[in-house]
Ligand code: NAD
């Protein structure tokens with residue numbers, strides 16, 4: 001690995017966060033690497049500065065890609081079974097440190113500790129195990145015949161995958177790509193989000209301890225416009241997997257165009273929760289309230305409640321009563337249901353949406369302000385009604401605990417409203433009729449649709465967005481289609497000497 005030059009003052013190389021010691025330097029070629037500059041990681045729980053994290057740029061990005069390139073041939077030559085053994089050992093070590101990872105992630109991004117312990121971090125483990133096993137057992141290598149010739153299809157490692165992720169579920173979203181990329185035989189450079197970078201560094205340490213060879217997995221920390229931009233412009237990168245916002249995806253698409261680097265984009269949404277007049281109202285209210293999970297910072301959240309006219313009053317009444325029981329508080333407390341939002345700049349952005357909605361003539365049915373008892377990061381769960389058709393609050397992604405409610409008369413009107421944005425990530429339909437559900441699911445434009453449920457996700461299923469919500473699908477074989485080079489080899493029936 002080429003040494004990374006550092007100049008100026010080198011900041012402290014580790015931080016103590018929630019009782020966990022985490023190295024704040026990059027992880028490149030199996031070594032910790034400092035940068036001259038740092039950025040702060042601030043806890044949304046109470047605004048405490050948790051760490052000064054190494055702030056990488058082109059030098060660190062190029063070094064990480066070079067290290068991943070150097071490690072690629074040996075990693076790619078391993079069989080899926082050999083790679084799988086190593087990935088399972090990494091998963092074992094992650095599993096043994098779920099508590100540390102959960103504490104670290106909660107301190108860094110403010111999501112609920114109990115969700116991290118019981119749902120998110122176990123899913124991180126599964127992301128590694130599932131794709132390791134998929135490469136071994138499920139990736140069928142089809143053989144078909146053309147005029148007596150045999151076509152053999154294989155999934156070959158492609159090179160270095162750059163994985164850029166957002167802050168709302170940092171390690172879960174990263175490993176959902178790291179798992180299949182490594183199982184494919186690619187090596188990886190991960191760029192964690194600057195608002196919640198710490199679990200990526202800790203994960204690198206756990207993977208190293210478990211025996212992942214040097215250079216196979218690298219972490220470059222830093223700002224998107226610096227470290228992220230340098231990684232996406234690097235011609236030695238073979239895949240870019242980006243999860244984040246639409247404006248950033250456009251910048252990355254331009255950077256990738258110069259090298260024709262294939263990109264997978266998983267972007268924002270403005271998903272509908274459609275509640276038909278034959279729905280079980282209690283279920284509908286439960287599903288609507290669920291859209292506040294993670295303080296509304298979920299790409300898939302069905303934040304547009306579309307309620308059929310006949311049940312709108314009854315629904316609003318029950319929703320209001322349920323919303324009043326939501327326990328907002330410190331995300332480390334067991335009984336907290338909604339914690340803080342990630343950053344004061346983000347809180348300001350969300351409140352800007354609410355203020356402009358009011359100026360547009362909308363009504364704040366519920367919330368719409370900061371919960372001063374808890375501090376400036378804690379936005380109250382909010383419901384907005386009567387927003388004018390086409391207004392910003394009904395069409396743009398807010399990414400906070402803000403739901404809107406609209407009513408419709410016929411199913412066709414409901415469908416038109418549901419499909420009426422530039423996004424197409426997900427949709428939820430609540431109805432007592434299978435026939436009506438199927439009519440909706442046939443015509444809804446969305447990568448994932450849930451009927452009478454929400455957030456049920458199988459790693460074998462395709463996942464991604466339509467329209468501006470993304471390009472491509474991941475999950476199961478779709479992940480391997482992206483990270484690998486899919487190859488067809490044609491054998492002639494003749495020409496053999498033996
Ligand atoms: P963002 O686009 O601002 O940043 C995402 C990542 O991109 C960060 O790591 C950032 O550092 C990096 N980045 C920023 N500018 C870059 C550049 N020029 N070049 C390379 N990298 C750059 O998004 P965010 O605010 O962190 O996350 C919220 C967004 O992510 C929302 O739109 C949300 O819907 C979306 N999201 C989508 C999914 C999905 O699976 N579809 C999942 C979670 C979040």
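The table below gives the values:
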{"item": "Qualifying residue in segment 470-489 (condition: within 30 Å of residue 316 (Cα to Cα), in contact (Cβ under 8 Å) with a residue 24 or more places away in the chain and surrounded by fewer than 16 Cβ atoms within 10 Å (Cβ to Cβ))", "result": "no"}
{"item": "Residue match in segment 395-411 (condition: in contact with a strand residue (DSSP E or B) (Cβ under 6 Å, 6 or more places away or on another chain), modelled with pLDDT of 95 or more and surrounded by fewer than 18 Cβ atoms within 10 Å (Cβ to Cβ))", "result": "no"}
{"item": "Criterion: more than 16 Å from the ligand (Cβ to nearest atom), crowded, with 23+ Cβ neighbours inside 10 Å, modelled with pLDDT of 95 or more and not assigned by TED's automatic domain parsing to the domain that holds residue 194 - qualifying residue of 295, 279", "result": "279"}
{"item": "Considering residues of segment 437-464 that are touching a strand residue (DSSP E or B) at 6+ places or on another chain (Cβ under 8 Å) and in a helix (DSSP H, G or I) only, the residue surrounded by the fewest Cβ atoms within 10 Å (Cβ to Cβ)", "result": "441"}
{"item": "Single unsatisfied condition, residue 357 versus (1) more than 14 Å from the ligand (Cβ to nearest atom); (2) more than 19 Å from residue 452 (Cα to Cα); (3) touching a helix residue (DSSP H, G or I) at 6+ places or on another chain (Cβ under 8 Å); (4) in contact (Cβ under 8 Å) with a residue 60 or more places away in the chain", "result": "(4)"}
{"item": "Pair list, Cβ under 9 Å, 6 or more apart: segment 46-59 residue free of Cβ contacts under 8 Å to residues at least 12 places away in the same chain, other residue crowded, with 16+ Cβ neighbours inside 10 Å", "result": "48/42; 48/107; 49/41; 49/42; 49/43"}
{"item": "Meets criteria (within 30 Å of residue 410 (Cβ to Cβ) and either touching a residue at least 12 places away in the same chain (Cβ under 8 Å) or out of contact with any strand residue (DSSP E or B) (no Cβ under 9 Å at 6 or more places or on another chain) (or both)) for residue 317", "result": "yes"}
{"item": "Residue 98, sole failed condition from (1) over 23 Å from the mean Cα position of the chain (by Cα); (2) at pLDDT 95 or above", "result": "(1)"}
{"item": "Every residue from segment 207-223 that is outside any loop (DSSP other than H, G, I, E, B) and surrounded by fewer than 20 Cβ atoms within 10 Å (Cβ to Cβ)", "result": "208, 209"}
{"item": "Number of positions in segment 232-246 that are outside any loop (DSSP other than H, G, I, E, B), near the ligand (Cβ under 7 Å from one of its atoms) and either over 16 Å from the mean Cα position of the chain (by Cα) or more than 20 Å from residue 181 (Cβ to Cβ) (or both)", "result": "2"}
{"item": "For residue 373: the one exception among (1) away from the ligand (no atom under 16 Å from the Cβ); (2) in a strand (DSSP E or B); (3) within 27 Å of residue 342 (Cβ to Cβ)", "result": "(2)"}
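The values are calculated or read from the model by the stated rules, or taken from the named source; none is laboratory data. Because the structure is a prediction, the values reported are computed rather than measured. Positions of Cβ are generated from backbone atoms using ideal geometry, with glycine treated the same way; all protein chains shown enter the neighbour counts.
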